[in-house]
Amino acid sequence: MSGATRRGLFTGAAGLAGVAAAAPLAQAKPVVDSAIEPFHGPHQGGIVTPQQTHSYFAAFDLTADKREEVVALLRAWTDAAARLTAGLPVDDTQDPAAPPGDSGEVVGLSPARLTITFGFGPGLFVKDGADRYGLQGRRPAALVDLPRFVGDQLVPARTGGDLCVQACADDPQVSFHAVRQLTRIALPWTQTRWVQNGFLAGYAPGQTPRNLMGFKDGTLNASIKDAKVMDQHVWVGDEGGWMKGGSYMVARPIRIALEHWDRMKLAFQEQTVGRHKLSGATLGGKDEFAPLDLDAVDADGNPLTPENAHARLAAPANNDGVQILRRSYSYDNGVSFVAERWPPWRQGLELDAGLMFVCHQRDPRTGFVKIFDKMSRFDMMNQFVTPIGGGLFACPGGIAPGGYVGQALFEA
């Protein structure tokens, strides 16, 4: 992509020799092109933005003592994010006697459609029974503590967080760089709790991406092009108060037992998912995007889509019309030790890979919680997948120029 580049962050050792201690570098002004996603607007970017190919998610615990320090952090994060998404360094000055204002690993790269999405966890409002910042009374009713679902094996060190940041871009170095800069800025007031990067194959527009199980993932996803659907199912309305225009994000790393899955017969895989593997069509069908007919039966009167197939349990028609906006990524964390729960009960190193499940909705109580409660108990796929962490975060509405994320919460 031939978009804007981050020019002039470093001028080289020879050029610096004669530069005064705090001289600004040649500044790269943002160029409006297809490589830049707008930062300011009625909603945060990275929610209904066409999905980029890479993601870096980070959750933080607040160590700040005062409310004013949290506001200072959010102001600094907002200013930095506006620059990063425009293809600019966080700080474009170079003082030879001080650390660089920006780590510089994206110099010369396009912004790659970078978006940065901020979220607030329950711990911002009350933690261990303490109302640290005078915000307990402003915690939205929809920002619930997620129930412990059947099959959850949540690792405390990979669960929760008072704040979260998700950077998405079409270049993995760009998304990593963004979170790296925001983490550095937050050091006086936070401690990193957990992180997870993710990737998505670069399929052509209109093609449904495949997950690591080899199936198309997101065929029935809510359409980001349908503003009415987004207003109904994704964006918080007047009922949300300071959250109006925002959305609730569920983020959960889910490990997939890929070695186990790969030993399953194709027919069983398709029965588990409820779709044909190659075409993505419903069982017995040929068109990926044909409506899912939950009443269709075979010659013996058996449902074509099994009662406990993943596609059936997740279908809006089976959940009172409820829709969520999935925005998930695959992940690969190398290998780790596993004691298998299935024959032949092997023990040893296996792929530590899976799905960084991310979804957005207007109200998680009627969205993710409602849908996943049923899926956690009955989904055939549960024998291959294990949620290992995550959390629920309130992502405030968009940011106006000169404002900061969450301003309506702190200044109402």
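The values are calculated or read from the model by the stated rules, or taken from the named source; none is laboratory data. Predicted model only: the values in this text are computed from it and were never measured. Note that each Cβ is placed from the backbone with ideal geometry, even for glycine, and that neighbours are counted across all protein chains shown. Just so you know, the surface numbers come from the protein's heavy atoms only, side chains and all, with ligands and any DNA or RNA stripped out. Shrake-Rupley method; radii C 1.70, N 1.55, O 1.52, S 1.80 Å.
Rundown of residues vs (1) without any contact (Cβ under 8 Å) to a residue 40 or more places away in the chain; (2) in contact with a Lys or Arg (Cβ under 9 Å, 6 or more places away or on another chain); (3) assigned to a loop (DSSP other than H, G, I, E, B), yes/no style:
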position	(1), (2), (3)
Ala204	yes, no, yes
Gly214	no, yes, yes
Gly218	no, yes, yes
Asn221	no, yes, yes
Lys225	yes, no, yes
Gln232	no, yes, no
Met249	no, yes, no
Ile254	no, no, no
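Within segment 222-264, track down each residue that is over 18 Å from the mean Cα position of the chain (by Cα), closer than 28 Å to Val385 by Cβ and among the aromatic types (Phe, Trp, Tyr).
Trp261
Going by the conditions given, is Thr78 hydroxyl-bearing (Ser, Thr, Tyr), outside any loop (DSSP other than H, G, I, E, B) and either touching a Cys at 6+ places or on another chain (Cβ under 7 Å) or farther than 18 Å from Leu187 by Cβ (or both)?
Taking the combined requirement at face value, the residue does not satisfy it.
What are the pairs, 6+ residues apart or on separate chains, where a residue within segment 287-310 that is at pLDDT 95 or above and assigned to a loop (DSSP other than H, G, I, E, B) has its Cβ under 9 Å from a residue that is aromatic (Phe, Trp, Tyr) and open to solvent by 80 Å² or more (accessible area, probe 1.4 Å)?
From residues that are at pLDDT 95 or above and assigned to a loop (DSSP other than H, G, I, E, B), the pairs are Glu307/Phe378; Asn308/Phe378.
Would you confirm whether or not segment 79-100 contains a residue that is modelled with pLDDT under 95, in contact with a Leu (Cβ under 9 Å, 6 or more places away or on another chain) and charged (D, E, K, R)?
Looking for residues that are modelled with pLDDT under 95, in contact with a Leu (Cβ under 9 Å, 6 or more places away or on another chain) and charged (D, E, K, R), one finds at least one in segment 79-100, hence yes.
Would you check which residues across segment 259-290 are out of contact with any Leu (no Cβ under 8 Å at 6 or more places or on another chain), under 18 Å from Arg341 (Cβ atoms) and not β-branched (Val, Ile, Thr) and list them?
His260, Trp261, Asp262, Arg263, Met264, Phe268, listed by residue number.
Filter segment 266-286 down to residues that are in contact (Cβ under 8 Å) with a residue 12 or more places away in the chain, under 19 Å from Asn318 (Cβ atoms) and not hydroxyl-bearing (Ser, Thr, Tyr) and give me whichever is surrounded by the most Cβ atoms within 10 Å (Cβ to Cβ).
Looking at the filtered set, the residue picked out is Gly274.
Condition test on Val236, is it open to solvent by less than 60 Å² (accessible area, probe 1.4 Å) and in contact with a Pro (Cβ under 9 Å, 6 or more places away or on another chain)?
Answer is yes for this residue.
For segment 156-192, name all the residues that are open to solvent by 30 Å² or more (accessible area, probe 1.4 Å) and among the polar types (S, T, N, Q).
Result: Thr159, Gln173, Thr183, Gln191, Thr192.
Just for segment 121-155: of the residues that are more than 22 Å from Gly240 (Cα to Cα) and either among the polar types (S, T, N, Q) or under 22 Å from the mean Cα position of the chain (by Cα) (or both), which one is surrounded by the most Cβ atoms within 10 Å (Cβ to Cβ)?
Leu154
Failed condition for Thr219, given (1) buried (at least 20 other Cβ atoms within 10 Å of the Cβ); (2) under 18 Å from Leu355 (Cβ atoms), with all others met?
Failed condition: (1).
Considering only segment 25-49, state which residues are under 20 Å from Gly202 (Cβ atoms), open to solvent by 30 Å² or more (accessible area, probe 1.4 Å) and either touching a strand residue (DSSP E or B) at 6+ places or on another chain (Cβ under 9 Å) or at pLDDT 95 or above (or both).
Across segment 25-49, the qualifying residues are Ile36, Glu37, Val48.
Run down Ala82, Ala59 and say which single residue is closer than 28 Å to His360 by Cα and either free of Cβ contacts under 8 Å to residues at least 24 places away in the same chain or open to solvent by 10 Å² or more (accessible area, probe 1.4 Å) (or both).
After applying the criteria, what remains is Ala82.
Among the residues of segment 112-133, which ones are under 22 Å from Asp171 (Cα atoms) and not aromatic (Phe, Trp, Tyr)?
Within segment 112-133, Ala112, Arg113, Leu114, Thr115, Ile116, Thr117 meet the criteria.
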